[in-house]
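Q: My structure is below; once you've seen it, I'll send some questions.
Rule-based calculations on the coordinates, nothing more; no lab input. Please read these numbers as outputs of a predicted model, since none were measured by experiment. Heads up, the Cβs are rebuilt from the backbone with ideal geometry, glycines too, and the neighbour counts pull from every protein chain shown.
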2 protein chains.
Amino acid sequence: MSVQKSIKPTESELEILQVIWEKGSASVREVHEALSATKDVGYTTTLKLMQIMHEKGLVKRDNTFKTHIYQPAVTREKAQKQLLGKMINGLFGGSSTQLVIQALGSHKSSKEELDQIQQLLDDLKKEA
Amino acid sequence: MSVQKSIKPTESELEILQVIWEKGSASVREVHEALSATKDVGYTTTLKLMQIMHEKGLVKRDNTFKTHIYQPAVTREKAQKQLLGKMINGLFGGSSTQLVIQALGSHKSSKEELDQIQQLLDDLKKEA
DNA sequence: ATTTATTTACGAAAAGAATCGTATTTTAGA
DNA sequence: TCTAAAATACGATTCTTTTCGTAAATAAAT
């Protein structure tokens, strides 16, 4: 197994990845449209960012057509895992449990969500 | 209740806070010593960073003596909460449950930890 | 008291991110 | 074909973060 190249999207890049993950694939315009909903940003800014992301290998690009279509080159799960690990080490003294507790405590979850977690917890207990 | 001023330590600032939280309080030299263990950085760089952090109000400072002593002005918990929230929104589509699941799944916890989480989960269920 | 070591202050450069204007390319429609 | 609209390319600017050199202040040691 090769050593995992560590990805490190910036804040803005993460916002963009967010949209692309959501849609599966997207053009600059689509991404820009989505971003515009919540923040004020110019079209070319989004474009430039996405070009940079392409250079960095964060996204793939199909330029068969006039309008380029972008796809994630990194899975959401991988990004989550990576950043989560970093956060656990950097802020929670290496304890994922601490993180879980903090996360659960500082945000009320619905019954459904609690059940879902309970389910997972049961599974983990069985394994142990 | 006043509106919470959102703290936003940078990556480097977080490393420093880390050390100060750990020790409770620390001089620039102590912090620098700690950082040097894992990365290559100049003393004045650490100093400058800590001065900036002081300006920003991230740390408090006792300059009664020649060697200034720094203390956190923000609790670790608060920083955790804040960054966690950001991560939940930025990477987990706003679902803390998703984050919990990912965190639990990608790292095996001890029985004690699982029990601890179960405890918390029971409490949350009662409230609901 | 003088020298030496330690520390802080400060400015400025280097590096990294984000922003946008303008020019060029491409395509679709008139 | 010509024109207009939509898209990309790219340089330049601004803003933030990180880095460090140099000078001044302070304290300790000789």
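Q: For the pairs A:K23/B:K125; A:K111/B:K8; A:K56/B:K23; A:K23/A:K81; B:K60/B:K125, flag any whose C-alpha to C-alpha distance is greater than 29 Å.
A: On the way: A:K23/B:K125 34 Å; A:K111/B:K8 32 Å; A:K56/B:K23 38 Å; A:K23/A:K81 20 Å; B:K60/B:K125 40 Å.
Distance filter (> 29 Å) returns A:K23/B:K125; A:K111/B:K8; A:K56/B:K23; B:K60/B:K125.
Q: Rg to Rh ratio, the protein assembly as shown, alpha-carbon atoms and Kirkwood radius?
A: Numbers: Rg = 21.1 Å, Rh = 20.8 Å.
Rounded to two decimals, Rg/Rh equals 1.01.
Q: Against the globular-protein guess of 2.2 N^0.38 Å, express the Cα radius of gyration of region B:25-88 as a ratio, rounded to two decimals. It would help to have the intermediate numbers written out before the result.
A: Values: Rg = 13.3 Å, N = 64, 2.2 N^0.38 = 10.7 Å.
Against the compact-globule rule of thumb, the ratio is 1.24.
Q: Given +1 on the Cβ of Lys and Arg, -1 on the Cβ of Asp and Glu, and no further charges, what dipole in debye does chain B carry about its Cα centre, rounded to the nearest 20? Don't skip to the end; give the middle numbers.
A: On the way: 18 positive and 16 negative charges, 86 e Å.
Computed charge dipole of chain B: roughly 420 debye.
Q: Along Cα→Cβ at 7 Å, what distances in nm separate the A:T75 label point from those on the other copies, shortest first?
A: A:T75 label point versus its equivalents elsewhere: 3.8 nm.
Q: For region B:79-124, what is the Kirkwood hydrodynamic radius in Å, using each pair of distinct C-alpha atoms? Before the final figure, lay out each step's value.
A: Numbers: mean 1/r = 0.0861 Å⁻¹.
11.6 Å is the Kirkwood radius here.
Q: Is chain A rounded, prolate or oblate when judged by the Cα gyration tensor, a ≥ b ≥ c being the square roots of its eigenvalues, rounded requiring a/c under 1.5 and prolate requiring a/b larger than b/c?
A: Details: a/c = 2.24, a/b = 1.86, b/c = 1.20.
Prolate, since a/c reaches 1.5 and a/b exceeds b/c.
Q: Hey, got a sec? Which trypsin sites (Lys or Arg not before Pro) in region B:20-71 land in a DSSP loop and have at most 15 other Cβ atoms within 10 Å?
A: B:K39, B:K66
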